[in-house]
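A.B. asks: Here you go, one structure.
The values are calculated or read from the model by the stated rules, or taken from the named source; none is laboratory data. Since the structure is predicted, the reported quantities are computational estimates derived from the model, not experimental observations. Here the Cβ positions follow ideal geometry from the backbone for every residue, glycine too, while neighbour counts run over all protein chains shown.
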Amino acid sequence: MKKPKVSFVIRTLNEALWIGKVLKTLLQQDFNNFEIIVIDSGSKDKTVEIVKRFPVKLIQIKPEEFHYSYALNLGISKAKGDYIAIISGHSIPISDDWLSKGLENFKDKKVAAVSGHYSSIPIGYISRRLGRLFFAAYQKRRKEKSANMTNTNSLIRKDLWKQYPFDEEFSGCEDYDWASEMLARGYKIIIDPNFSVFHSHFLLGKPGYLERKPRWKKTTVAMDKRKRPRKSYIKTKF
């Protein structure tokens, strides 16, 4: 088996509602030289049962071991790809050329990562064609240097992750911190509309954007005060 160019890393906890559709959609991508790694942190529903139906590598950790950055770092440490695609267990790519379009950005050697927009309107889960019609005008804009990378859907260079693993000091906003660090080192963080996803917490019982925004704001303000470039804090050596 040839070495994968891309390694997907997906964090899951009770994602039975959509994880099957997520994995199916990834396997339909027109670029297929990739592996999929799932990090599950103690799902009580049928998430693990569903994941095992697909050709993926499953890593299970205890709920008390979970930390957003740690789970990602663990998965990436097992990855073989040159690029790491991070996607939520309930994010659906907007198209079947989503991954290939995202990879095109790395023709520019100064690109450290690619992210995209996301639509929280649930119709995209039923029909991607219809869902694309509901993306707002601002979600169709491309940005070249943005710290607002989101691990809802991101694509990063593994060689740069080795230099700066996701920082484990903060619980959350690890994507913003990583993007800020890469920008400080002179790299670009691309927001590509072609690399967008449908991402909704409807029916999942998870906090929504407005509920989480105050905590994100507080965390990112603290991250903006960091002196950069810097080393990331990680508890575990991989």
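A.B. asks: Select, from ILE76, ILE94, ILE87, ILE39, the only residue that is buried (at least 17 other Cβ atoms within 10 Å of the Cβ), over 28 Å from SER127 (Cβ atoms), at pLDDT 95 or above and touching a Phe, Trp or Tyr at 6+ places or on another chain (Cβ under 7 Å).
C.D. replies: ILE76
A.B. asks: For region 124-156, which residues satisfy the criterion of being under 19 Å from HIS90 (Cα atoms), touching a residue at least 60 places away in the same chain (Cβ under 8 Å) and β-branched (Val, Ile, Thr)?
C.D. replies: Within region 124-156, just THR152 meets the criteria.
A.B. asks: I've got another one for you. Here's a check for you: in region 12-36, which residue that is in a strand (DSSP E or B) and in contact with a helix residue (DSSP H, G or I) (Cβ under 9 Å, 6 or more places away or on another chain) is surrounded by the fewest Cβ atoms within 10 Å (Cβ to Cβ)?
C.D. replies: PHE34
A.B. asks: Then there is this: Checking the condition out of contact with any Asp or Glu (no Cβ under 6 Å at 6 or more places or on another chain) and among the hydroxyl-bearing types (Ser, Thr, Tyr), which residue from SER91, SER69 passes?
C.D. replies: SER91
A.B. asks: Can you name every residue in region 60-103 that is more than 13 Å from the chain's Cα centre (by Cα) and aromatic (Phe, Trp, Tyr)?
C.D. replies: Hits for region 60-103 are PHE66, TYR70, TRP98.
A.B. asks: When the residues of region 38-88 are narrowed to those that are assigned to a helix (DSSP H, G or I) and free of Cβ contacts under 8 Å to residues at least 60 places away in the same chain, which ends up farthest from PHE195 (Cα to Cα)?
C.D. replies: GLU64
A.B. asks: Here are the criteria: (1) outside any loop (DSSP other than H, G, I, E, B); (2) aromatic (Phe, Trp, Tyr); (3) in contact with a helix residue (DSSP H, G or I) (Cβ under 9 Å, 6 or more places away or on another chain). Tell me which single one PHE135 does not satisfy.
C.D. replies: (1)
A.B. asks: If you don't mind, there's one more thing I want to ask. Can you name the residue in region 146-163 that is farther than 13 Å from LYS188 by Cα and either among the acidic types (Asp, Glu) or within 8 Å of the chain's Cα centre (by Cα) (or both) and is also surrounded by the fewest Cβ atoms within 10 Å (Cβ to Cβ) among such residues?
C.D. replies: My answer is ASP159.
A.B. asks: Out of the residues in region 102-120 that are in contact (Cβ under 8 Å) with a residue 40 or more places away in the chain and assigned to a helix (DSSP H, G or I), which is surrounded by the most Cβ atoms within 10 Å (Cβ to Cβ)?
C.D. replies: Step by step, filter region 102-120, then rank; the result is GLY102.
A.B. asks: Is it the case, given these coordinates, that ILE92 is aliphatic (A, V, I, L, M), out of contact with any Lys or Arg (no Cβ under 6 Å at 6 or more places or on another chain) and either more than 23 Å from LYS206 (Cα to Cα) or outside any strand (DSSP E or B) (or both)?
C.D. replies: No.
A.B. asks: Considering only residues that are loosely packed, with under 14 Cβ neighbours inside 10 Å and touching a Leu at 6+ places or on another chain (Cβ under 8 Å), look in region 186-238 and name the one that is modelled with the highest pLDDT.
C.D. replies: Per the criteria, the residue is THR236.
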